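Here's the structure, in structure tokens; my notes come after.
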Amino acid sequence: MHVRQSDQAVPLAAATIAAAIPAGLHPNISLIDAYPEDSDEGIIAKIKHQQPDSPDKLHCISFSLYVWNRQRILTLAQCLRHSYPTAALVIGGPEATACQQELSELQLFDAVIAGEGELALPAMIAALLQTKQSTTLCPAATPALNMNDQVSPWLSGMLHPQHGVLWETARGCPFNCAFCFDARGSDGVREIPAQRLEQELQLFDRQQVGQIWVLDSTFNFPAQRGKRLLRLMLQHAPQCHYHLEAKAEFLDEETIELLQQIRCSVQVGLQSAKPEVLRHINRSLDVATFSAKVSMLSAAGVTFGIDLIYGLPSDDLAGLRHSINFALQFYPNQVEIFPLALLPGTKLHANKDQYGLCAQPEAPYSVISSASMSAEQLLQCEKLAAATTLFYNTGRAMAYFLPLCQAVNLSAVEFIEQFAQWLTTDGRTQSTDVGCVDWQRWWQIDWSAPQALQMQRCFVPQLFAKHGVEHLSALALDIIDLHSCWSDTMIGAETVPNSQQTAQLDAQDLLNQPWQMANTVTIKQFTYPVDELSTIEDIDLIELYETLQPHASTGLFLRRGEEVFCESIDDIFATLLSASTGNKTPKQIFAPFSAALSQQECLELLKFGLEEGLLVATTASTD
């Protein structure tokens, strides 16, 4: 049961355990993907389709239990118990490990596996086949798996690489943070052999995998292990985009140089910028070291994000405000802010009374109050986190956020707080283009990037007027639009030249046939010269206002390979592109300009647009 349908919806844990079952039984194994929007009946129908074709055959249904699917899986298991009374129901995963006794007392499952399942489940399957009775299943304590003996779900064919894959490179975590379950009670990291990692990367390369999420709590510890891993990526699958988790303290120049050479994003776990808070969760922070290392990432142009957690022991709203200010000064590509989850089985859960931590009794176990923070303050933190996510992350504001703050003389968190207040009071009436939503709980809505952009364009002029710098609004909106167009173009499809479009048609055919602008191309009107705006690296709105003269312009955005191009185009060419919707011919579009352009000049403009792939035939797919 995945969180949602996405490239990350890969049943890696289930497949890894299934691959550990003797190969002779693999034809009898099915992996069934389910999603929250699926009905229980629909999921059961998928299972029924895989049931044994003979009544004397055994049926074992196994579940991976996580925070996000616990309640749904338990309900589904109850339905399955009635539908398949003779089937063996087995459950494992992090939630089963943390709550083994509680789940066993439900008397719903024939076995509850705590810890790693690669040894336990095959042993149970063997017992099941021998006795032919599911009631004999009893999970036995198993030692930690030797990763040299683990069967790769990818190389065994249990999983087939798609556009996105989850890739396990090591197991365990050396840091034992009090809120986290990754260490599994162990201080060590067990590495997967390099030879297997090479073979998996080669497979991903052959299958043209686009994105790889590296499942390693701290890929760069020890630092040499991280460098070996990065070199393997460069050697065997350099075209993939990698998602990595790192500890800032162990970054060095060589690691950052390697990160520059691959397509990647790096998530850095800060959690809190207050050392006195971190000591309660078995973490430490040297502010100067963290700042230096993250600044190196930023200066190198490596895409990175920073994680924060609110609700930690002894932390408060002021602490979160300080942490947000601290994190945003480094220009991260995103800041992820989570509520503390008091996960069963963690050290923090065991010591919750010491800190007065009260949490939801059921998954996701979010903290609802603590000795240092009331429920109302936690709600304020939730809204502040949501406003940061909406403006900075969803709105892709990294490049211009701090310059906006500087223009109105506000700190990062003060700016976000004023945005949150605007969302509460004026957002609904001013953001008319974001659609019908429940504004009463704006902080719980999963906003889209276009909606975030619309809110930025409404909020910023009002904020600038409030602070007496309304003369900077037009320039600020141009900067916002420029970076929005650039981001959309970067993540969109490439515009491919097509010189053959004009080869078979004469001038009259070209001018009298309707065309349409490729949907990989964006054109946008600006108040200031877009060609000058696009060359600015360090944005200072006050300085720009004093040196840059307003001059209306039209920007053309397209991507070729990995590079985004932004060009200023004249009014006639802009009209040709924007009016080419498949309904008018170029001859009709050019008619108002007949006094200024000869037919030959019109034809040259048209051919340029067609050969560069900016215009396409109306019958062609422009996806």
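Read-outs throughout are calculated quantities, based only on the coordinates presented, and are distinct from any laboratory measurement. Since this is a predicted model, take the numbers as computed values, not measurements. No Cβ is skipped: glycine too gets one built from the backbone with ideal geometry, and neighbour counts run over all protein chains shown.
Cα to Cα, under 20 Å, and not fewer than 8 places away if on the same chain: which lysines meet these conditions relative to K607?
K584, K587
Leaving out same-chain residues fewer than 8 places away, which aspartates and glutamates sit with a Cα under 13 Å from that of K524?
List returned: D478, D481, D488, E567, D570, D571.
How would you order 395-406, 350-361 from highest to lowest mean count of nearby Cβ atoms within 10 Å?
395-406, 350-361
Among Q50, Q78, F63, whose Cα lies farthest out toward the positive end of the dipole of the range 12-136, if unit charges sit on the beta carbon of Lys, Arg (+1) and Asp, Glu (-1)?
Value computed over the given set: Q50.
Between the range 222-236 and the range 496-534, what's the alpha-carbon centroid distance in Å?
43
Student exercise: in the range 161-373, how many lysine pairs 8 or more apart or on different chains have Cα atoms under 28 Å apart?
9
For the chain, take the alpha-carbon Rg, divide it by the Kirkwood Rh, and send me Rg/Rh.
1.01
Restricting to Cα pairs below 8 Å that are 6+ residues apart, what does the relative contact order work out to for the range 489-617? Please round to a whole percent.
Averaging sequence separation for qualifying contacts and normalising by length gives 41 percent for the range 489-617.
Would you grab the residues whose amide H sits under 5 Å from the one on A359? Only those 5+ places off in sequence or on another chain, please, with H modelled 1.01 Å from N.
Answer set, sorted by chain and number: I368.
Take the Cβ-Cβ distance between E376 and T424 as r, set R0 to 22 Å, and report the resulting FRET efficiency rounded to the nearest 0.05.
The pair E376/T424 has a calculated efficiency of 0.90.
To the nearest 20 Debye, how big is the dipole of the range 489-617 about its Cα centre, given +1 on the beta carbon of each Lys and Arg and -1 on that of each Asp and Glu?
Charge dipole of the range 489-617: 800 debye, to the nearest 20.
Using a Cα-Cα cut-off of under 24 Å, which lysines could be cross-linked to K466, ignoring same-chain neighbours fewer than 8 residues away?
Excluding near neighbours in sequence, the set is K383.
Using +1 on the beta carbon of Lys and Arg, -1 on that of Asp and Glu, and nothing else charged, what's the dipole of the chain about the Cα centre, debye to 20?
Its charge dipole is roughly 1620 debye.
Between F593 and N325, take the C-beta separation as r, use R0 = 60 Å, and let me know the FRET efficiency to the nearest 0.05.
The value I calculate is 0.70.
Given Q508, I523, I125, which one lies farthest toward the positive end of the charge dipole of the chain, if we put +1 on the Cβ of every Lys and Arg and -1 on the Cβ of every Asp and Glu?
Of the listed residues, the answer is I125.
Order these peptides, 458-469, 18-29, by their mean beta-carbon neighbour count within 10 angstrom, highest first.
Sorting 458-469, 18-29 by mean packing, highest first, produces 458-469, 18-29.
If r is the Cβ-Cβ distance from T581 to M490 and R0 is 30 Å, what FRET efficiency results, to the nearest 0.05?
Efficiency for this residue pair is about 0.75.
When the chain is fully extended, how far beyond the present Cα-Cα distance does Q508 get from E563, taking 0.36 nm per residue of separation?
16.3 nm is the gain from fully extending Q508 to E563.
For the chain, what does the relative contact order come out to in percent, with C-alpha contacts under 8 Å and a separation of six or more?
8
Of the options V165, I256, S448, report the single residue whose Cα projects farthest towards the positive end of the charge dipole of the chain (beta-carbon charges: Lys, Arg +1; Asp, Glu -1).
V165
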